[in-house]
Amino acid sequence: MNTTDKAVSAFVSLARPRRSFLSKFLRWEWFLVALIALVVIVNSRLSPYFLDVQNLFRASSDFMEMGLMMLPMVFIIVTGNVDLAVASTLGMAASFMGLLFNNGVNIWIAAGAALLLGVAAGLLAGYLISRLKVPALVITLGTYAFYRGMAYVMLGDQAARGYPASFTYIGQGTLPGAPVPFSMVLFLSMALIFGLVLHKTAFGRYLYAIGHNQEAVVYSGIPVARVKVVIFMVSGLMSALAGLVLAARYGSTRPDIGTGLELAVITAVSRANALRHGPAEYPG
């Protein structure tokens, strides 16, 4: 660990309040777990099919695309920013894939191109925010409209359909011999990676430090502008990935795919206690 990392670790540790074992146990996440358990018990009494394993997995698979977009949103909100364009990036990337597929491009090449487009979309937003010093709310509100408009330019009022089974498996398939959706495995794998990055790496400490006091950490040697560009690029990539999963689940793509999901994503992350510059954590 170099001098910068040590300084950031000390800064973040001072900013985080010390908790006793009892206070950790009584954190609001445990009350949320208790509330969920109560809901499960009541609903299982009301319907014998509620706790059916296939029913539970089928219901939860509908939220995997939103979960994929929530992961990088935590990074962004921890630094005191926001990305309003995640759903529009999803729609633009999925529409781009559909456009290429309709014109005879292999589905996997089209999917790869869509992921690259998502990265480029995030790069544009991150550059404007970090280099031009324009607030993220303003920039992403503009890209929110622009990217959704590009989706309509690509597909118009048409839909891309007829995706091969090898692709739709991403959104519709389950693991061999188990009812676990592949999309859930994908989300959990990504969640593990994002959690480790946020809580166990120097990059995660940079995010916390920037969120606590951006002006101070600049003098600690942290490349604030570069960090912001990276997290918005990651957000664009994950939004594009969510678009592929959603298109695979539907089996088709329309330019309005994913409309409105940005509010659900931001609300979910903020309700998980990440809007305040305190110890935002993925378990929430």
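For the pair VAL40 and THR267 in one chain, pulling the backbone fully straight at 0.36 nm per residue adds 79.4 nm over the alpha carbon distance. I want to check the label-to-label distance for ALA165 and LEU123. Put each point 7 Å from Cα in the C-beta direction and report it in nm to one decimal. Here the answer is 3.8 nm between the modelled labels. Computed from backbone phi with θ = phi - 60° and the Karplus coefficients 6.51, -1.76 and 1.60, the 3J(HN,Hα) list for segment 176-181 is x, x, 8, x, 6, x Hz; x is used for glycine and proline.
Which value, in debye to the nearest 20, gives the size of the charge dipole of segment 151-261 about its Cα centre, when Lys and Arg are +1 and Asp and Glu are -1 at the Cβ?
Working: 7 positive and 3 negative charges, 41 e Å.
Its charge dipole is roughly 200 debye.
Exposure proxy ranking for HIS199, HIS212, based on other Cβ atoms within 10 angstrom of each Cβ and starting from the fewest, stands as HIS199, HIS212. With each label modelled as a point 7 angstrom along the Cα→C-beta vector, the ALA178-ALA191 pair spans 1.4 nm.
Express the relative contact order of segment 149-220 as a whole percentage, based on alpha carbon pairs under 8 Å and six or more residues apart in sequence. Let's see the in-between values first.
Working: 25 pairs, mean separation 8.7, N = 72.
Dividing the mean separation by the residue count of segment 149-220 yields 12 percent.
How do LYS228, LYS200 line up, fewest other C-beta atoms within 10 Å first?
Values: LYS228 24, LYS200 10.
Neighbour counts put them in this order, fewest first: LYS200, LYS228.
Projected label points at VAL138 and ALA216, each 7 Å from Cα along the beta carbon direction, are separated by 2.7 nanometres. Among MET190, MET69, MET150, a tally of other beta-carbon atoms within 10 Å of each Cβ gives an order, fewest to most, of MET190, MET150, MET69.
Taken together, the values in this text are just the output of simple stated rules run on the coordinates, not laboratory data. Treat the numbers as computed from the prediction; the structure is a model and nothing was measured. Backbone-built Cβ (ideal geometry, glycine too); neighbour counts: all protein chains shown.
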